[in-house]
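See below for the structure under consideration.
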Amino acid sequence: MSARTNRYVITVLAQDRVGIIADVSEILFQLGGNLEALSQTVVWGWFTMIICAAFPEEVTAAAVRETLEKKGEFAATVLPLAKTTPSPRFEGEPFVVTAFGEDKPGIVRKLTASFARRGINIEDVWNEVQQGKFIVIFHVTIPDDIDPKDARNDLEEAAREVGVTVTMQHQDIFTATNSLSLHTRLPRRNTKLAAEKRDTVL
Amino acid sequence: MIPTEDILKTLEMVRIENLDVRAVTLGINLAGCADSDAGNMLRNLRTRIHAAAGNLVRTCEEVAGKYGIPIVNKRLAVSPVSFLFEGHGPEICLPTARVLDETAGEVGADLIGGYTALVHKGITKGERFLIESIPEVLSRTERVCASVNVASTKTGINMDAVRMMGEQIKAVAERTAARDGFGAAKLCVFANIAEDNPFMAGAFLGEGEPDTVINIGVSGPGVIKQALRRLLETGEDVDLGRIAEEIKRTSFRVTRVGELIGREVSRKLGVPFGVVDLSLAPTPRIGDSVGEILQTMGITSIGAPGSTAAVALLNDAVKKGGLFASSSVGGLSGAFLSVSEDHALSEAVRAGSLHLEKLEAMTSVCSVGLDMIAVPGNTDPSTLAALIADEMAIGVVNQKTTAVRLIPVPGKKPGDKVIFGGLFGETTVLEVRNVGASSRFIAFGGKIPAPLHSLKN
């Protein structure tokens, strides 16, 4: 088999059941693939996964997609990945934004537009509607040149317009009340140290 | 990423269960302000407090906003003001207190503690002036809080000071009769006073403390009550050991909030971080009460047999959970039985289930003493002094801090309602039994010697 020179980013969507990751990884293994990164989540019984993997030169993106869809009955997307795709870095402070209230269309749209205007990146989001009550939790990074107070004012105005209550709190308060470590990450001056520690662990 | 359940749990603690930071208290040493010229000294005081505390409120609001946790009170605690009075006459007292009051107001502080005298072994001239000025000072200032330490485990009880304090409490209440004796709510009499206590009216900056220091008082009765309620609703087989464990875990969470916020305020102000005080401090709001915790633990009428044991369990578990959560714990650190400030305790007094004697018994296993208790206005000073002496004896013998904050409400009798307002709450006047029957004992004066520290069997 030739060297693994083709790298792809693959998404897989399927109704959740036991054994999806086992099936997908078996298919990719049979194609000569090697997994480099993987993350999964489930929303309302629907499983989705994103994978970065490297394949032999002769395995095309179309072949990977077709095999996944045919053998596994998944909805799949496969895109080529440049060898050194730069991962964008969002420097800043981690905040958690929570909004809740009566459900109606346009709440996420309004709040996320407020983030985008200020250059605030959403790192993770969770949203659920139960018995007409809407709740959304965003993990965001507020850039260092943005005053959190301004971001909060923007959000509160957006929340008023769609009739929900919003809170914006530094992530450390949740770490402090729920885990043994006091801070979610090391102070910035120690990032080099943190990187060295990570390398040691790896 | 923080799990969603953890985020929702923390939000519930803040939004529904009244989790907050009860007090950020900035300690300021005033020794450098001493001057034999009164005018110079008052100017020094103003300059010193402005320089140390000018940014306190703004910084607290910034940090509270960042974490979404309210900081209810921003306070100042100065070194004992009586030290500044040495070498002066009694006329120095009121102007000094007024400068403290005004300057605290100018920097936005809610209260300023440290109008304090430490007289557990003897009384200096300055300390005598301070004690004698308390009625005038507390009736003519808004924010000044006074405290007098009359006893310690190492030195025993200064009964001359105890007798003086019985008289002063009565005088303060009478001078503030129009406000139901409210002035007495700003006066605490202590045994083994804590040098780093962030809570009023007893906060002051002790001798062993730095030039300036940040001490934090957390709250959390509502959070603990809800945690116990949820535990009991699980339908599991719950015993008191499991209840203690749940209190410990919850106290850990509450204390972590204080630690995080205190350290950030301290860093931003460039002031050393002192301690987190683990005390469960109630507010008059329903759902923020130490009494409600006792009710959740099965003491349906507070004051019933079992109340003291329940308080002992609660107090111990709070400390154990809190100690693990903070690298620096101090102050009073216990459950407050502040009657008018705790609606469930206040209701127990109204309903007649909680009496003075039972409160006294409960204070032997928790902080901080007979606190915010309204008694009839005609209670004589020697009986007030005798109540102080009993509470001091509990502190001295048990090597713990105890305090007395009684309000003899002028013109009111047992069963009458009293409203102090705000965080001071409202209550019903408690009966004091055997009034006048200890006047001879108090009249002896002198000292009750320090207790033995050996032969403990």
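Just a few scattered comments:
This table checks each residue for (1) more than 14 Å from chain A (Cβ to nearest Cβ); (2) at negative phi; (3) buried (at least 17 other Cβ atoms within 10 Å of the Cβ).
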| position | (1), (2), (3) |
| --- | --- |
| B:D6 | no, yes, no |
| B:V14 | no, yes, yes |
| B:L42 | yes, yes, yes |
| B:G54 | yes, yes, no |
| B:G87 | yes, no, no |
| B:E91 | yes, yes, no |
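- Residue list for segment A:54-104, filter: loosely packed, with under 15 Cβ neighbours inside 10 Å, of a type in the set (A, V, I, L, M) and either part of a loop (DSSP other than H, G, I, E, B) or in contact (Cβ under 8 Å) with a residue 40 or more places away in the chain (or both): A:A75, A:L79, A:A82
- Restricting segment A:151-181 to residues that are away from chain B (no Cβ under 13 Å) and not in a helix (DSSP H, G or I), the residue that is surrounded by the fewest Cβ atoms within 10 Å (Cβ to Cβ) is A:G163.
- Scanning segment B:118-136 for residues that are surrounded by 22 or more Cβ atoms within 10 Å (Cβ to Cβ) and over 14 Å from B:F85 (Cα atoms) returns B:V119, B:H120, B:P135.
- Members of segment A:42-53 that are more than 15 Å from A:D23 (Cα to Cα), in contact with a strand residue (DSSP E or B) (Cβ under 8 Å, 6 or more places away or on another chain) and loosely packed, with under 15 Cβ neighbours inside 10 Å: A:V42, A:G45, A:W46
- Residue check for B:A348: outside any strand (DSSP E or B), at pLDDT 95 or above and surrounded by fewer than 22 Cβ atoms within 10 Å (Cβ to Cβ): no
- Set A:P187, A:P148: member being at pLDDT below 65 and either at positive phi or within 12 Å of chain B (Cβ to nearest Cβ) (or both): A:P187
- Of all residues in segment B:173-200, those satisfying the criterion of being aliphatic (A, V, I, L, M) and more than 18 Å from the chain's Cα centre (by Cα) are B:A173, B:A177, B:A178.
- Considering segment B:16-40, and only residues there that are of a type in the set (V, I, T) and crowded, with 21+ Cβ neighbours inside 10 Å, the residue that is farthest from the other protein chains (Cβ to nearest Cβ) turns out to be B:I28.
- Taken as a whole, the structure leaves A:A99 outside the set of residues that are aliphatic (A, V, I, L, M) and in the same structural domain as A:A14 (by TED's automatic domain parsing).
- Within the option set A:E123, A:E128, being farther than 28 Å from B:F252 by Cα, modelled with pLDDT of 90 or more, within 20 Å of the chain's Cα centre (by Cα) and not in a helix (DSSP H, G or I) holds for one residue only, A:E123.
- Which listed residue is assigned to a helix (DSSP H, G or I) and over 21 Å from B:D37 (Cα atoms), from B:E132, B:E91, B:E102, B:E127: B:E132
- Test: residue in segment B:162-182 that is within 17 Å of B:V275 (Cα to Cα) and among the aromatic types (F, W, Y): no
- The set of residues in segment A:17-52 that are part of a strand (DSSP E or B) and either closer than 16 Å to A:R65 by Cβ or acidic (D, E) (or both) comprises A:E36, A:T48, A:M49, A:I50, A:I51, A:C52.
The values are calculated or read from the model by the stated rules, or taken from the named source; none is laboratory data. Since this is a predicted model, take the numbers as computed values, not measurements. Counting neighbours? That spans all protein chains shown, and the Cβs are built from the backbone with ideal geometry, glycine included.
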